[in-house]
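Trainee: Take this structure, written in structure tokens, and hold onto it; I'll ask about it next.
The values are calculated or read from the model by the stated rules, or taken from the named source; none is laboratory data. All of these numbers come straight from a predicted model, not from anything done at the bench. When we count neighbours, we look across all protein chains shown, and the Cβ atoms used for this are built from the backbone with ideal geometry, even at glycine. Areas reflect the complete protein model, heavy atoms only, side chains present, ligands, DNA and RNA absent. Shrake-Rupley method; radii C 1.70, N 1.55, O 1.52, S 1.80 Å.
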Amino acid sequence: MSIPQELYPSQDDLPYEEELLRNPFSLKLWWRYLVARTDSPHTKRFTIYERALKALPGSYKLWYAFLRERLELVRPLPITHREYQKLNNTFERALVTMHKMPRIWIMYLLTLTEQKLVTKTRRTFDRALCSLPVTQHDRVWDPYLVFVSQRGVPIETSLRVYRRYLKYDPSHIEDFIEFLVNSGLWQEAAERLAGVLNDDRFYSIKGKTKHKLWLELCDLLVQHADVVSGLNVDAIIRGGIRKFTDEVGRLWTALADYYIRRELTEKARDVFEEGMTTVVTVRDFSVIFDAYAQFEETVLLVKMEGVSEDELDEGEGNGEEDEDDDDEDDRLHVAKIERKLKRFWLSDDKEVELRMARVEYLLDRRPELANSVLLRQNPHNVEQWHRRVKLFEGNPTKQILTYTEAVRTVDPMKAVGKPHTLWVAFAKLYEDHKDVVNARVIFDKAVQVNYKTVDNLASVWCEWAEMELRHKNFKGALELMRRATAEPSVEVKRRVAADGNEPVQIKLHKSLRLWAFYVDLEESLGTLESTRTVYERILDLRIATPQIIINYAMLLEEHKYFEDAFKVYERGVKIFKYPHVKDIWVTYLSKFVKRYGKSKLERARELFEHAVEVTPAESVKPLYLQYAKLEEDYGLAKRAMKVYDQSTKAVPPHEKLSMYEIYIARAAEIFGVPRTREIYEQAIESGLPDKDVKTMCMKYAELEKSLGEIDRARGVFIYASQFADPRSDPDIWNKWNDFEVNHGNEDTFREMLRIKRSVSASYSQTHFILPEYLMQKDKQPNLDEAMDALKKAGVPEDEMAALEKQLLPDAGKTATKDSNRKVVGFVSAGVESQTEGGLKVAANHEDIELPEESDSEDDERVEIAQKDVPSAVFGGLVRKREEGDDNDGNGDDSAATKDTDDGARLGALERIKRQRRGAMV
């Protein structure tokens, strides 16, 4: 066989060939030779590889590079090309020396897998597993499992390979189960999955929980019920129902579906019914009920379709009776008879009606079944028992059975709701059906039950008595109340104390609800003495309420026992404290005043004094008003004013303003407006909140202005100004401004501006940057010094200061005068100046300079309009006294009074003139 010329060494190869002749076993020389001939044809490179491997057959580097180049050569070729055979032969030769190299094995196995050589590939995988150590088998098993999972590989081969793999690594059982499911091997898949679930040491490498694996097993068993055998499916699914409570509805449905697939419909119905009667959640019940209803509807639909087909077949048979000789018709007739024989007697027309009745019955039972689920969740839920009884309206027998079951099941100590309502409704059911005797039996049993609270037992007794009243058995109702309120004997108490478990029947005689019902019955049906006995018993037991006290007293008043009623009120105010006793005091005092009025005034005063003494400040205002009303109507006006004065000190701060307003209004009406001045001053100095002080000052100023006391009104404005910031509370300043415009002069207006600027500075934040010596010099620093300091600090001069400078004729002259001014409260608003001798002279610019010659009678008189003093100034008491004097006096007295009145009504100008004339004389 001749060698092609291109395989011979060329002139460029001679240096490499000469070196290799000298040292043919050098891997470095062979590798340099191959690198230098990278661009040579693959045949020449393969020849070099073969020569190198002949010299170095154990070189992994040469074999790996040689095999990689051969793989690259065959990659674009079809798997039937002959180069693949050469590649396989090369791998086989390499494995003679490289059989311990897993990389070479994997390259070979992947190549064989791509060539679809099933037998050769399987055997090669087996050889690789035999050649390599066990520690490297995991590198072979991964491609091996991929190979056996391909199409075309016999299923038996795949099974054997997987089983061998599980012996190597049992933890991958899930991969085997998945392979079985994908291959349709349901029987073995179910067995393997069941084995996994029974293995307590199993750990899922895919992170699946046993719950999920259990559901997969159930789905597998149900969906392939006709294939899987040898497993107790019923026991498996029921075990899951007991173990996994969050999927109960789904598992019950799966078990029923299993029997449906096995065509055991009656067994499936039993499973559905069992599931609906055992689940404890509404969600599971809904799942089972919906599946059950769908199953019944499907069975009904299939049955209706089957009947229609039979009728159609019968119709066709009747139309072809005349063609007896036709063989096809004979076969159809025989087939029809065979189907009827198979169905036997159940295949009649009434089966459809039966199945329809089953569907309707199932749908009608849904509310009852849902209620049963809720009662299984909590059998002591009283409300659910009532709803269950309502479901059986129109069926008294069923309702009675339900009530009987309810009162036997519900434990009063664990009940959710009011358990006594079950007994009451049970008895009312008998009453509605005109069976009062059995209703009394039910009530008699109900009052013997040990309820959780006394109120429940008292409610049963009251309902029993009301039933007797509805049936006109008044004597029986009273007798029941006497039984219920009777105190247990000492022997019974001793026996119960020895047992240690005290029932509510021992405490029943102290039930306020029972006694209230009892006393109402006595008032309606009994006598006054029996009713008083019940009320006294309530008071003795110390269970009375303020309303019971009031009711008892009202009862006595209706029967004209007024003193006894007041004694009851006295007991009530001693028993209760505030705020409960408030209604008793109000009722007691109003009733007492209404009854006796002026006849027992001192006793009424003592009651009021005691009431306001024990009443807290928050509730004392109505009592003081009632007390003052008593003094105004039946007592002395002076004492009424004293009560009002006490009330202003007793009420809380937020009610002081309203109390002072009432005080002032009553004082003005009784004693006249001037009397209110001291009340205003007292209110302003009593510690009212700032906003209330401002309100009171404005009212005081309006009063003084209405009386013509301009200086006093101005003094009030000056005092109120310290509580009002001109920037945030301009109301007072606007009123003062209007006041000065109407009644003041230039000096008083300038004084208001100065005070306004001073107050504004005191409220300003820049007040705090004043020099410390100014702050220490006086509590209210000199305004001019303060303004100079602010000006130096960079604060702009305000507009009021600029206005004042424009009004001042000479700043130097007025500086001393302004610096000596000060704000006073409730005194004349005139500017005070100090003379050289130290005497203070009031300089009131509103004084009228009268000329001396005005005393001459010949001069022209100046007529000044006179205005009568308002009658409100004198008050109601003065008017009453004047009226009495007019009626009792004689003519001389009247004349004298007239002269006095004329003198009192003289104007200010005339009075001054007369005083001067008297002084000159």
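Trainee: From the list A544, A565, A604, A611, which one is in a loop (DSSP other than H, G, I, E, B) and surrounded by 15 or more Cβ atoms within 10 Å (Cβ to Cβ)?
Mentor: Going through A544, A565, A604, A611 in turn, the sole match is A544.
Trainee: Go through R201, R160 for me and flag whichever is closer than 23 Å to Q115 by Cβ and either assigned to a loop (DSSP other than H, G, I, E, B) or more than 52 Å from the chain's Cα centre (by Cα) (or both).
Mentor: Exactly one residue qualifies, and that residue is R160.
Trainee: Please indicate, with yes or no, whether at least one residue in the range 677-691 is in contact (Cβ under 8 Å) with a residue 40 or more places away in the chain and either in a helix (DSSP H, G or I) or crowded, with 21+ Cβ neighbours inside 10 Å (or both).
Mentor: Yes: one or more hits.
Trainee: Give me the pairs: first residue in the range 202-215 and in contact (Cβ under 8 Å) with a residue 12 or more places away in the chain, second residue assigned to a loop (DSSP other than H, G, I, E, B) and among the hydroxyl-bearing types (S, T, Y), beta-carbon distance under 8 Å, and six or more apart or on different chains, which are they?
Mentor: If the second residue must be assigned to a loop (DSSP other than H, G, I, E, B) and among the hydroxyl-bearing types (S, T, Y), the pairs left are L213/S204.
Trainee: Another question, then. Pull up the range 698-738, narrow it to residues that are closer than 21 Å to I664 by Cα and among the basic types (K, R), then point me to the one that is surrounded by the most Cβ atoms within 10 Å (Cβ to Cβ).
Mentor: R714
Trainee: Moving to a separate point now. Can you pull out the residues in the range 692-747 that are acidic (D, E) and touching a residue at least 60 places away in the same chain (Cβ under 8 Å)?
Mentor: Of everything in the range 692-747, those that are acidic (D, E) and touching a residue at least 60 places away in the same chain (Cβ under 8 Å) turn out to be D711, E746, D747.
Trainee: Let me ask something else about it. Can you say whether V407 is among the hydrophobic types (A, V, I, L, M, F, W, C) and farther than 22 Å from Y292 by Cα, as far as the supplied structure shows?
Mentor: Taking the combined requirement at face value, the residue satisfies it.
Trainee: Hey, another quick one. Take the range 417-466 and flag every residue that is open to solvent by less than 50 Å² (accessible area, probe 1.4 Å), part of a loop (DSSP other than H, G, I, E, B) and in contact with an Asp or Glu (Cβ under 6 Å, 6 or more places away or on another chain).
Mentor: none
Trainee: Further question on the same structure: If the requirement is being under 32 Å from the mean Cα position of the chain (by Cα) and farther than 30 Å from F295 by Cβ, which of these qualifies: V416, V389?
Mentor: Just a single option satisfies the conditions, and that option is V416.
Trainee: If a residue must be part of a loop (DSSP other than H, G, I, E, B) and either acidic (D, E) or open to solvent by 40 Å² or more (accessible area, probe 1.4 Å) (or both), how many such residues does the range 170-198 contain?
Mentor: Number of matching residues: 1.
Trainee: Looking at L512 and the list (1) closer than 18 Å to M413 by Cα; (2) open to solvent by 50 Å² or more (accessible area, probe 1.4 Å); (3) not small (G, A, S), which single condition is not satisfied?
Mentor: Single failed check for L512: (1).
Trainee: Residue under question is E114, and the condition is that it be surrounded by fewer than 16 Cβ atoms within 10 Å (Cβ to Cβ) and either more than 25 Å from H224 (Cα to Cα) or within 60 Å of the chain's Cα centre (by Cα) (or both); does it hold?
Mentor: yes
Trainee: Can you tell me how many residues within the range 21-35 are without any contact (Cβ under 8 Å) to a residue 24 or more places away in the chain and either closer than 22 Å to E69 by Cα or in contact with a Phe, Trp or Tyr (Cβ under 8 Å, 6 or more places away or on another chain) (or both)?
Mentor: Number satisfying all stated conditions: 6.
Trainee: Do you know which residues across the range 588-601 are of a type outside the set (K, R) and either open to solvent by 90 Å² or more (accessible area, probe 1.4 Å) or part of a loop (DSSP other than H, G, I, E, B) (or both)?
Mentor: G597, S599
Trainee: Right, here's the next one. Condition first: open to solvent by 50 Å² or more (accessible area, probe 1.4 Å) and either part of a loop (DSSP other than H, G, I, E, B) or touching a Phe, Trp or Tyr at 6+ places or on another chain (Cβ under 9 Å) (or both). Now tell me which residues in the range 379-399 satisfy that.
Mentor: The answer is E393, G394, N395, K398.
Trainee: Could you tell me whether any residue of the range 229-248 is under 40 Å from the mean Cα position of the chain (by Cα) and assigned to a loop (DSSP other than H, G, I, E, B)?
Mentor: Checking the range 229-248: at least one residue is under 40 Å from the mean Cα position of the chain (by Cα) and assigned to a loop (DSSP other than H, G, I, E, B).
Trainee: Can you tell me which condition A293 does not meet? The list is (1) in a loop (DSSP other than H, G, I, E, B); (2) touching a residue at least 24 places away in the same chain (Cβ under 8 Å), and all the others hold.
Mentor: Tallying (1) in a loop (DSSP other than H, G, I, E, B); (2) touching a residue at least 24 places away in the same chain (Cβ under 8 Å), A293 fails exactly one: (1).
Trainee: While we're here: Would it be correct to say that A52 is more than 30 Å from V161 (Cα to Cα), over 60 Å from the mean Cα position of the chain (by Cα) and open to solvent by less than 20 Å² (accessible area, probe 1.4 Å)?
Mentor: For A52, the condition - more than 30 Å from V161 (Cα to Cα), over 60 Å from the mean Cα position of the chain (by Cα) and open to solvent by less than 20 Å² (accessible area, probe 1.4 Å) - is met.
Trainee: Restrict the check to the range 650-672 and report whether at least one residue is of a type in the set (F, W, Y), open to solvent by less than 60 Å² (accessible area, probe 1.4 Å) and in contact (Cβ under 8 Å) with a residue 24 or more places away in the chain.
Mentor: yes
Trainee: Another question about this same structure. What is the number of the single condition among (1) more than 26 Å from P653 (Cα to Cα); (2) in a helix (DSSP H, G or I) that R727 does not meet?
Mentor: R727 satisfies all of (1) more than 26 Å from P653 (Cα to Cα); (2) in a helix (DSSP H, G or I) except (2).
Trainee: It is to be established whether one or more residues within the range 251-268 are more than 42 Å from the chain's Cα centre (by Cα), modelled with pLDDT of 85 or more and aromatic (F, W, Y).
Mentor: Yes, the range 251-268 has at least one match.
Trainee: Another question, then. Condition (residue is open to solvent by 50 Å² or more (accessible area, probe 1.4 Å), over 30 Å from K691 (Cα atoms) and among the hydroxyl-bearing types (S, T, Y)) applied to the range 580-587: is it met by at least one residue?
Mentor: No, that holds for no residue.
Trainee: Considering the range 121-142 alone, what residues qualify as being touching a Ser or Thr at 6+ places or on another chain (Cβ under 7 Å) and open to solvent by less than 60 Å² (accessible area, probe 1.4 Å)?
Mentor: Residue satisfying the conditions is T121 alone.
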